[in-house]
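Written out below as C-alpha cells is the structure these notes cover.
The values are calculated or read from the model by the stated rules, or taken from the named source; none is laboratory data. Just so it is clear, the model here is predicted, and its values are computed rather than measured. All Cβ positions, glycine included, derive from the backbone under ideal geometry; neighbour counts span all protein chains shown.
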Amino acid sequence: MANTTYETVIGLEAHVQLATESKAFCADRNQFGSEPNRNISMISLGYPGTLPMLNEQQVRFAVKLGLALGCKINKRSTFDRKNYFYADLPKGYQITQDENPICLGGGLPLRLPSTAPAAAPDEAFRVVQLHHIHMEEDAGKSIHAAEEPYTKVDLNRAGTPLLEIVTEPDLRSAEEVDAFMNGMRRLVRWLGVSDGNMQEGSLRCDVNISVRPEGQTEFGTRCEIKNMNSMKFARQAVSYEVERQIGLLENGESVRQQTRQFDPASGTTAALRDKEDAHDYRYFPDPDLPPVVLSDVLINEIRAEIGVLPWQAYGQLIKDFGLDADDAHQLSEDRLTYHTFLAYAELSPSVTDLAKLWVNRIAPWLNEEGLSPEQLPLTPDQMAQLQEMVLAGDVAAAAASSKLLPSLLETPGEPMQRAEDLGLIQNNDADFLSGLVDAVIDEFPDKVAAYQKGKKGLIGFFMGEVMKRSKGSAEPKETNKLLRERLG
C-alpha cells in the first residue's frame, strides 16, 4: 500500500461555555477565575434530594446560535442523563441532550485564507455541515500537579452551561479544523453567547479523526482527541494523528478505536483508553427535567435579535465598499468593530483608505490602550476631515498615517490645526517648489549629468534633497513633476 493516497476525515465536537450569570440548572454563579470551590451549592455538588431548574438564558442562547447557523429548531427537546463516574462529576451523571437535541442540522461557513478571493466573497466560504447542537452542563476540573501525591478537584465549573456543536464528518485537514474553531469563536462572540476564550476553557473541542484510501466511501476507524483548547495544539494534534494512522495502515496494522490526548511538549498523541460508544454511558431520560417546549413567538423574538452575521458583514464590506479580503475579514471580526466602522464609513471620502488606516493604525492603538471601538476619541467627522486633507494634497498620506493620526488619537483636536502645529501642511506653491528644485539641481551637477545619462533612479536622491530643504513640506507629486521636467 506504499503508493496509496489517503483522505483525512474529521468530525468535531465543539464545546461553548455560555456567558450566563448563573449555572445551567441552579443559581450558582457562573464565573471564571474564582477561588476554587467557591461557586458551588448542594445542587452542583449532587446532594441527594436536590432538583435541577433549567436556566432560561441557556435556552435562548441555544436558539440564537442555532438560528444563526441555519439549524432547524426543535420545538420540543428533552434532557437525558449521561452516566459515568469521575471525581469532578459529583452527581455520577451529566445532564445533556441525547435523543432530542434543541437544534438539528445547519452549517458554519468557513473562510479559508488559501481560497478566499477578494472579488468573489460568496465563494470564499465552504459550509461545514452540522449534525446537531445540544445543551448540557460542564463537569468540574481535576488538577493533576506533578509535585502533589493526589489530584485536586475544583467544582466551580461543575454545572456550567454548555452548548455542544457536533459536526458531520465534513472536515478534511488541520487547516479546516483551525478555520472552524476560529469561525465558531467569531460567531459566539458576535452573538454575545460566549466570550470564546479558549485559554479559559470557554471554547474547546474534541476531534474525531480517521483516514481512508482516496475514493473509498467507508469511513476508517476513528480516534478521538479530547479537550483541545488551543488552535495551535489542535493543528499539531490533527497533523500528528493523521500521520500516525497512515503509518499504521502502511505497515499493515489496524487503527484501534481510542480516546487519545495530545502532549504539547512532544507534539504527539497518546492513548488514554479504548473509545466508548453511546451504550457505555447508559443514557436515559432525566426524570427531574420536563421537555423544553418553544413557541414560534419566542423563536421569532430571538431571530429578530440576530441581525447581520459575520460572514454577511464580510461580504458586504467587499461588495459595497471594495475592500480587500484581509481588511474585510479584520473589520468583521466582531459586531462592535463592524458597526463602528460603518458609522465612520458614512462620512468617509474614501472607505478603502479608511479601512487601511483602521486596520494598520486605529485597531492596534485601541488594542494597546485597552479600548473598544466605540471609545475611539476621533469623531467620524474629524476622521473624514483628515482623509479630505490627504486627498486635497494638504498633508502627505504617509505623514497623516504615521504622525497626524497618532497625535489626534492621543490628544483629540481639529485635524487641520494639528497638522499646522506639527508642520505637516504641504506646500504646492509653484514659485516655492520651483526655487527648491532649481537650487538642488544647481548644487549637484554631477548627479544631474548621471541622471541624464540614464541613471533614472537618482530621482529619489533629488526628491530627498528637496524634502530636506523644505523640511518635508514640499508637495511630493508637484515636486516630482517639476524635477522630471527640469532634469529632462
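For the reader, a short list of remarks on this structure follows.
- Residue match in segment 16-34 (condition: under 21 Å from the mean Cα position of the chain (by Cα), within 30 Å of Gly215 (Cα to Cα) and not small (Gly, Ala, Ser)): no
- Hits in segment 75-99 - residues which are assigned to a loop (DSSP other than H, G, I, E, B) and free of Cβ contacts under 8 Å to residues at least 60 places away in the same chain: Phe85, Tyr86, Lys91, Gly92, Gln97
- Every condition in (1) touching a Leu at 6+ places or on another chain (Cβ under 8 Å); (2) of a type in the set (D, E, K, R); (3) exposed (fewer than 14 other Cβ atoms within 10 Å of the Cβ); (4) modelled with pLDDT under 95 holds for Asp288 except the one numbered (4).
- Selection of segment 181-199 for residues being touching a Leu at 6+ places or on another chain (Cβ under 6 Å) and part of a helix (DSSP H, G or I) yields Gly183, Arg185.
- Some residue of segment 35-57 being assigned by TED's automatic domain parsing to the domain that holds Thr217, within 23 Å of Asn197 (Cβ to Cβ), in a loop (DSSP other than H, G, I, E, B) and in contact with a helix residue (DSSP H, G or I) (Cβ under 7 Å, 6 or more places away or on another chain): no
- On inspection, Gly454 does not qualify as part of a loop (DSSP other than H, G, I, E, B) and within 25 Å of Gln387 (Cα to Cα).
- Index of the failed condition, Ala237 passing every other in (1) in contact (Cβ under 8 Å) with a residue 40 or more places away in the chain; (2) surrounded by 18 or more Cβ atoms within 10 Å (Cβ to Cβ): (1)
- Taken residue by residue, segment 150-168 has no member that is part of a helix (DSSP H, G or I), out of contact with any strand residue (DSSP E or B) (no Cβ under 6 Å at 6 or more places or on another chain) and not hydrophobic (A, V, I, L, M, F, W, C).
- Contacts under 7 angstrom Cβ, first residue in segment 338-358 being touching a residue at least 40 places away in the same chain (Cβ under 8 Å) and surrounded by fewer than 16 Cβ atoms within 10 Å (Cβ to Cβ), partner in a helix (DSSP H, G or I) and among the aliphatic types (A, V, I, L, M), 6 or more apart: Pro349/Ala384; Pro349/Leu391
- Exactly one residue out of Met416, Met463 is surrounded by 14 or more Cβ atoms within 10 Å (Cβ to Cβ), in contact with a helix residue (DSSP H, G or I) (Cβ under 7 Å, 6 or more places away or on another chain) and not assigned by TED's automatic domain parsing to the domain that holds Asp394, and it is Met463.
- Which numbered condition Thr20 misses (of (1) at pLDDT 95 or above; (2) surrounded by fewer than 21 Cβ atoms within 10 Å (Cβ to Cβ); (3) farther than 30 Å from Ala313 by Cα): (3)
- All conditions in (1) more than 21 Å from Val166 (Cβ to Cβ); (2) in contact (Cβ under 8 Å) with a residue 12 or more places away in the chain; (3) of a type outside the set (Ser, Thr, Tyr) hold for Arg29, with the sole exception of (2).
- Condition check for Asp353: within 30 Å of Glu224 (Cβ to Cβ) and in a helix (DSSP H, G or I): no
- Filtered residue count, segment 222-235, keeping only those that are touching a helix residue (DSSP H, G or I) at 6+ places or on another chain (Cβ under 8 Å) and not small (Gly, Ala, Ser): 6
- Residue check for Val238: of a type outside the set (Asp, Glu) and closer than 30 Å to Glu214 by Cα: yes
- Within segment 300-322, being in contact (Cβ under 8 Å) with a residue 60 or more places away in the chain and surrounded by 17 or more Cβ atoms within 10 Å (Cβ to Cβ) holds for Ile302, Leu309, Pro310, Trp311, Tyr314, Gly315, Ile318.
- Count of segment 36-56 residues which are under 33 Å from the mean Cα position of the chain (by Cα) and touching a residue at least 60 places away in the same chain (Cβ under 8 Å): 8
- The listed residues are Ala439, Ala449, Ala474, and the only one of them that is free of Cβ contacts under 8 Å to residues at least 60 places away in the same chain, over 26 Å from Ala399 (Cα atoms) and outside the structural domain of Asp394 (by TED's automatic domain parsing) turns out to be Ala449.
- Checking each residue in segment 296-331 for being assigned to a loop (DSSP other than H, G, I, E, B) and under 15 Å from Ile362 (Cβ atoms) picks out only Leu323.
- Yes/no for Ala439 being modelled with pLDDT under 85, of a type in the set (A, V, I, L, M, F, W, C) and under 22 Å from Arg484 (Cα atoms): no
- Verdict on Lys453 being more than 49 Å from the chain's Cα centre (by Cα), of a type in the set (Lys, Arg) and modelled with pLDDT under 85: yes
- Which listed residue, of Glu253, Glu175, is in a helix (DSSP H, G or I), under 30 Å from Thr4 (Cβ atoms) and either of a type outside the set (Lys, Arg) or within 16 Å of the chain's Cα centre (by Cα) (or both): Glu175
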